[in-house]
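Contents: one structure, followed by commentary.
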Amino acid sequence: MELTLQILRADGTIACEATGTNEVCLAAAHTYALGDVIALASGAGAKYLHLQLDDALGEALVYMAADSFTYPVPFAEKRANLSPKVFAGGMHILRARAAAEYEIKAYRNLAKNVADQQEAVGCFPHAHANVETRGESVFAARNAIDGVVANLSHGEWPYASWGINRNLDAEMTIDFGREIEADQIALVTRADFPHDNWWTSATFTFSNGDEIVFPMEKSALPHVLTFEPKRFRTVTISKLIQADDPSPFPALTQMEVYGRNV
């Protein structure tokens with residue numbers, strides 16, 4: 001599999017580029033500017049890749065349903081949900097490599113994707129919701145699958161979360177892009193009390209038609225739900241019942257889905 005990583009300027013010209021077979025590492029001596037885009041070409045067909053868009057962002061094992069991927073480098077408000085070290089400075093290491101068979105089959109949190117974006121781009125898992133508070137990056141659904149579990153405050157990184165803008169009908173879906181098999185979900189709810197409210201229950205709806213109502217309590221610790229293994233492509237969290245508390249601000253810091261690829 002030929003893999004190509006590029007940094008493209010706003011006018012489409014190539015600032016940096018590297019190509020490799022099954023693995024590519026791009027050491028980019030480049031200071032990002034508004035309009036820059038990171039691009040990955042990975043050949044035809046769906047595939048599993050380890051993807052690192054910046055050495056400070058971390059790496060994720062993703063499922064690529066498309067043969068190319070683009071990631072606009074965020075600036076200003078669009079990067080408030082990311083570490084200030086990400087995309088900063090004049091030297092960056094980007095990497096992509098084909099996942100080994102044992103990595104693909106491993107039992108793990110299949111929901112994590114540090115490279116997820118608010119718009120679906122063929123890189124999975126992908127989180128999307130029917131509401132995100134004021135459309136701000138620090139309250140985007142993708143924050144709930146970025147692997148950052150700090151939940152004792154709110155706002156900018158590391159306290160980004162999925163915010164529901166006081167919408168009692170809020171729901172969020174994680175799309176894995178393919179069928180998986182899972183038997184556990186862990187929720188890390190935001191616990192910036194007394195600023196925050198909390199949910200007493202949530203409902204999980206799976207694409208196979210199954211549904212689970214999950215009771216919860218006020219806690220800064222993960223809420224863990226285990227169940228008989230299920231096969232599905234998407235899972236939606238909805239019917240979020242708030243506690244009888246003066247605060248109108250519950251939020252979800254992280255949603256983890258444990259299982260294996262089918």
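Qualifying chymotrypsin sites (Phe, Trp or Tyr not before Pro) in the range 5-88, where qualification requires a DSSP coil assignment and no more than 15 other C-beta atoms within 10 Å, comprise PHE75. Spacing of the modelled spin labels on THR200 and ASP175, each 7 Å from Cα toward Cβ, amounts to 3.4 nm.
FRET efficiency for the PHE227 to ILE93 pair, using the beta carbon distance and R₀ = 30 Å, is estimated at 0.15.
Averaging Cα coordinates gives a centre for the range 228-262 and one for the range 92-164; these two points are 14 Å apart.
In plain terms, the chain from SER207 to LEU34 could stretch by 58.4 nm, reckoned as 0.36 nm per residue minus the Cα-Cα distance.
Let me check against my output: what whole-number percent is the relative contact order of the chain, with C-alpha pairs under 8 Å and at least 6 apart? Rounded, it is 18 percent for the chain. Model label points for TYR107 and VAL262, set 7 angstrom from Cα along the Cα-to-Cβ axis, are 1.9 nm apart.
With an 8 Å cut-off on Cα pairs and a minimum separation of 6 or more residues, tell me the relative contact order of the range 2-106 in percent.
Normalised by residue count, the contact order of the range 2-106 is 33 percent.
What's the longest piece of the chain with no exposed trypsin sites (Lys or Arg not before Pro), counting a site as exposed if DSSP puts it in a loop and it has at most 16 other beta carbons within 10 Å?
Values: sites that count: ARG9, LYS85, ARG166, LYS218.
Longest gap between qualifying sites, sites excluded: 86-165.
Shown is the FRET efficiency for ILE14 and ALA56, computed with R0 = 22 Å from the Cβ-Cβ distance and rounded to the nearest 0.05: 0.45.
Taking GluC sites (Glu not before Pro) as exposed when DSSP calls them loop (any state but H, G, I, E, B) and at most 13 other Cβ atoms lie within 10 Å, what is the longest stretch of the chain free of them, the sites themselves excluded?
So the longest stretch without any such site is 1-118.
The candidate values were (i) 18; (ii) 26; (iii) 36; the one computed from these coordinates for percent of Cα pairs over 31 Å apart carries the label (ii). A Stokes-Einstein calculation at 20 °C with viscosity 1.002 mPa s, built on the Kirkwood radius of the range 1-151 over Cα pairs, returns a diffusion coefficient of 135 µm²/s.
With the simple model of a label 7 Å out from the Cα in the direction of the Cβ, ALA220 to ALA76 spans 3.5 nm.
For the residues MET255, MET216, what sequence is obtained by ranking on other C-beta atoms within 10 Å, fewest first?
Ordered from fewest to most neighbouring Cβ atoms within 10 Å, MET255, MET216 come out as MET216, MET255.
No lab work stands behind these numbers, since they all come straight from the coordinates. Not measured: the values here are computed from a predicted model. Cβ: placed from backbone, ideal geometry, glycine included. Neighbour counts: every protein chain shown.
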